[in-house]
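The values are calculated or read from the model by the stated rules, or taken from the named source; none is laboratory data. What you see is a predicted model, and the numbers here were worked out from it, not measured in a lab. All Cβ positions, glycine included, derive from the backbone under ideal geometry; neighbour counts span all protein chains shown.
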Amino acid sequence: MKDLPPQVRERTIAKARTLIEALPFMQEHRGKVIVIKYGGAAMDRAPLARPFAMDLSLLLHAGIHPVVVHGGGPQVSEVSAQLGLETRFVDGIRVTDAATLDVATMVLAGKLNTQVVGGLVADGVPAVGLSGVDGGLLLARRSTPDLGFVGEVVQVNTGVVRTLMDRDFVPVVASIAVDEAGQAYNVNADVVAAEIAAALGADKLVFMNDVPGVMGSGGDLLSELGVQECLDLLAADGVVEGGMIPKLESATRAIKGGVRRVHMLDGRVEHALVLELFTPEGIGTMITPDAGEGAVAE
Ligand SMILES: Nc1ncnc2c1ncn2[C@@H]1O[C@H](COP(=O)(O)OP(=O)(O)OP(=O)(O)O)[C@@H](O)[C@H]1O
Ligand SMILES: [Mg+2]
């Protein structure tokens, strides 16, 4: 060290300091389950696949148990269009007829799940792909007749996910569920992530999206929200739209289900996950229980 020019020496010491600063965060998260919803829009950006894998590696080495749930909305819409199928959303939920269900199953549980797992494995993350059908992970029933084969989750059987986590694998879940008769359903991936997070007693649920976080009526980033504030935003006219509707609903569902914190991060920011978990500078929107209702008080 003493032979180094002063500037280089200072920079090297600063790197060590950064590592040490991460220590309390690593201690805080050690042994915890963190569910990460990797959104379709964020996934579309190939250069970010590698930093995401690196982030997951760091989480694993810090003793965190990550579970990944991925979306794929834009990709399902693209293949539907190629096949001449019309895409329609109601309150951010895809109307899913039998043909669209086939497309969603092929794209989510086939192409994208393989792609996400392949990318992670190539970067040394021991990822294992599955859908909500495997091991009966997500038991669903039809949500409303108007939406076709859109399911609502009635039960989460965490066995298969826990078995994988116990063996240090990272489960990567595609958002297809099954009913008691074996009929598959398309479930919004945000809903799936929230249900799995609640069932696993996860400490955190992190949504990786293609926006900086939840935006208020003036387009401003809302950095912290309580559950009631989320419900107020959902009830307000024209503030929360499209895919942010199920996302915010799922966030409140997760918190009510005992998840301590929900984060909405910009998946376009390199190393967004590490920034949020291991540095004092929180990014995006953090959703917390309302005062007096927290599973864990702080
Ligand atoms: N108030 C708001 N704040 C932030 N984003 C909003 C708001 N209202 C609507 N949105 C939209 O919600 C979108 C996020 O939902 P979307 O379903 O498109 O992404 P995703 O859930 O990450 O992907 P996928 O559905 O494929 O998993 C944002 O890209 C944004 O355009
Ligand atoms: Mg979505």
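Please determine whether any residue of the stretch 45-57 is without any contact (Cβ under 8 Å) to a residue 40 or more places away in the chain, among the basic types (K, R), away from ligand 2 (no atom under 16 Å from the Cβ) and farther than 23 Å from V33 by Cβ. No, the stretch 45-57 has no match at all. From the list D166, D146, the one residue that fits, being among the charged types (D, E, K, R) and modelled with pLDDT under 95, is D146. Taking the conditions (1) among the acidic types (D, E); (2) loosely packed, with under 15 Cβ neighbours inside 10 Å; (3) more than 16 Å from ligand 1 (Cβ to nearest atom) in turn, D91 satisfies each one other than (3). Against the list (1) closer than 19 Å to V68 by Cβ; (2) away from ligand 1 (no atom under 11 Å from the Cβ); (3) surrounded by 17 or more Cβ atoms within 10 Å (Cβ to Cβ); (4) not aliphatic (A, V, I, L, M), the condition G243 fails is (2).
So is V192 touching a residue at least 40 places away in the same chain (Cβ under 8 Å), under 19 Å from A104 (Cβ atoms), part of a strand (DSSP E or B) and within 16 Å of ligand 2 (Cβ to nearest atom) or not? The answer is no for V192.
Taking every residue in the stretch 79-91 that is free of Cβ contacts under 8 Å to residues at least 60 places away in the same chain and pairing it with any residue that is among the hydrophobic types (A, V, I, L, M, F, W, C) and not in a strand (DSSP E or B), at least 6 positions away or on another chain, the pairs with Cβ-Cβ distances below 6 Å are V79/V103; V79/V107; S80/V103; L85/A99; R88/V95.
Take the stretch 195-220 and flag every residue that is within 16 Å of ligand 2 (Cβ to nearest atom) and under 13 Å from L138 (Cα atoms). Selection gives E195, I196, A197. For the stretch 243-264, taking the residues that are within 14 Å of ligand 2 (Cβ to nearest atom) and in contact with a strand residue (DSSP E or B) (Cβ under 7 Å, 6 or more places away or on another chain), the one that is nearest to E224 (Cα to Cα) is identified as M264. Please verify whether the stretch 196-206 includes one or more residues that are in contact with a strand residue (DSSP E or B) (Cβ under 9 Å, 6 or more places away or on another chain), at pLDDT 95 or above and within 8 Å of ligand 1 (Cβ to nearest atom). Within the stretch 196-206 (the criterion being in contact with a strand residue (DSSP E or B) (Cβ under 9 Å, 6 or more places away or on another chain), at pLDDT 95 or above and within 8 Å of ligand 1 (Cβ to nearest atom)), the answer is no, since none of the residues qualifies. Annotation note: of V172, V192, V161, V156, the sole residue that is surrounded by fewer than 24 Cβ atoms within 10 Å (Cβ to Cβ), under 30 Å from L59 (Cβ atoms) and modelled with pLDDT of 95 or more is V156. If the condition is being within 14 Å of ligand 1 (Cβ to nearest atom), more than 19 Å from H29 (Cβ to Cβ) and not in a helix (DSSP H, G or I), then the stretch 246-268 contributes D266, G267, R268.
The single residue among P51, P74, P66 that is modelled with pLDDT under 95 and more than 10 Å from ligand 1 (Cβ to nearest atom) turns out to be P51. Those strands (runs of 3 or more DSSP E) of the stretch 35-153 in which at least 1 residues are over 17 Å from the mean Cα position of the chain (by Cα), considering only elements entirely within it, cover 138-142.
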